[in-house]
Structure formats: structure tokens, C-alpha cells
2 protein chains.
Amino acid sequence: MRMQVLVRLKSGVLDVQGKAVEHALASIGFQDISEVRVGRLVELEVEAGDEAAARQRVIEICEKLLVNSIIENFELRRI
Amino acid sequence: MRMQVLVRLKSGVLDVQGKAVEHALASIGFQDISEVRVGRLVELEVEAGDEAAARQRVIEICEKLLVNSIIENFELRRI
């Protein structure tokens, strides 16, 4: 089963990469772009009997390796 | 209008970050995970009159700054 994980910085956390992209865009003429946030996209194949089991497995993976829960949160989707 | 961009390595391109995640997962007991691919998630606010205009603007941004079209492709979504 293929699962997608979107990892985002929590809303209160300064996103320096997002700010850098925003400034770079403004400098090449895209002044109409704002509130840029940059996160990670992780897609993986999970051996699991059903979607609930796959989701549970991916939540474990996020908590143990992929996500720093102090500053980030995540969203799962089956793809 | 808030738009989401998912940037992925093209399928033939070696994903070293994905391989590193896969090996790290296997080493902590997640041998049931495979085909890990790591990409970028970019979310941004676009000043545009309608969704078609916003999509067009984001495509320009991807082509000019966010995406290396030789090795990456991208997917847009309004959020």
C-alpha cells in the first residue's frame, strides 16, 4: 500500500527556508506571493493488510524517525 | 488563494535521501517499508483572481525557481 506523508513546520515556527523562497521570488518579480512554507514530502510502500494497519505503521515511522514533533506536524494520505 | 506544490524526483532518478530513510527504517525494525521517495512540499499564497490564474502563476514559479525540471516534476493543488 502506498502512503504519502506531508511534513510541515508547526504554524508558530519560523520557516527560514520559506522566507528565503519568498525573498528570492520577490527579487525575480513575483511580489504577489506570500506566506511561503516549505516542508517535506515522503512517499513509501507499506506491507499491510488494510489501510488502517498501514496508517498505524506510518504514524509509528513518523514518530520514530521522520518527524520532529516539537516543531513539526504531519498529515497522512493513501495514494 | 493558497496553493500547494508537491515536488518529486522523476522516477528514473536515484533518490539517495529516500534510500537513507529506507535503510534507517530497516535498522530500527521497519523492514516492511520499501520504495521510499523524499520530495519537497511548498505551500504559498498567491494573489490571483481565479484558480486558473493562480495555477498559471505557480507553474511559472516552479519553472523559474522551485523545480529543477531535468530531474524533478511537480504537482499543484489548491488548498
Practice problem: Output yes when any residue across region A:56-77 is more than 15 Å from the chain's Cα centre (by Cα), modelled with pLDDT of 95 or more and aromatic (Phe, Trp, Tyr), and no when none is. | Solution: no
Quiz item: Which one of these is touching a Leu at 6+ places or on another chain (Cβ under 8 Å) and within 10 Å of chain A (Cβ to nearest Cβ): B:40, B:57?
Solution: B:40
Quiz prompt | Close pairs from region B:29-52: first on the phi > 0 side of the Ramachandran plot, partner of a type in the set (Asp, Glu), Cβ under 9 Å, at least 6 apart | solution = B:35/A:43; B:35/A:45; B:35/B:22
Quiz item: In region A:34-76, what residues are over 19 Å from residue B:35 (Cα atoms), of a type in the set (A, V, I, L, M) and open to solvent by 60 Å² or more (accessible area, probe 1.4 Å)?
Solution: A:52, A:70, A:71
Practice problem: Kindly indicate the residue of region A:13-32 that is more than 15 Å from residue A:68 (Cβ to Cβ) and open to solvent by less than 10 Å² (accessible area, probe 1.4 Å) and also farthest from the other protein chains (Cβ to nearest Cβ) among those meeting that condition. | Solution: A:18
Quiz item: Which condition breaks for residue A:68 when tested against (1) within 21 Å of residue B:19 (Cα to Cα); (2) facing chain B (nearest Cβ under 9 Å)?
Solution: (2)
Exercise. Looking at (1) out of contact with any Cys (no Cβ under 9 Å at 6 or more places or on another chain); (2) surrounded by 13 or more Cβ atoms within 10 Å (Cβ to Cβ), find the lone condition where residue B:10 falls short.
Key: (2)
Exercise. With the checklist (1) basic (Lys, Arg); (2) within 12 Å of chain A (Cβ to nearest Cβ); (3) within 20 Å of residue A:45 (Cα to Cα) in hand, flag the one item residue B:77 doesn't pass.
Key: (3)
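The values are calculated or read from the model by the stated rules, or taken from the named source; none is laboratory data. What you see is a predicted model; the values in this text were computed from it and never measured. Cβ coordinates were reconstructed from backbone atoms using ideal geometry, including for glycine residues, and neighbour counts include every protein chain displayed. The protein model used for the area step is the full one, side chains on, heavy atoms only, and it has no ligands, DNA or RNA in it. Shrake-Rupley method; radii C 1.70, N 1.55, O 1.52, S 1.80 Å.
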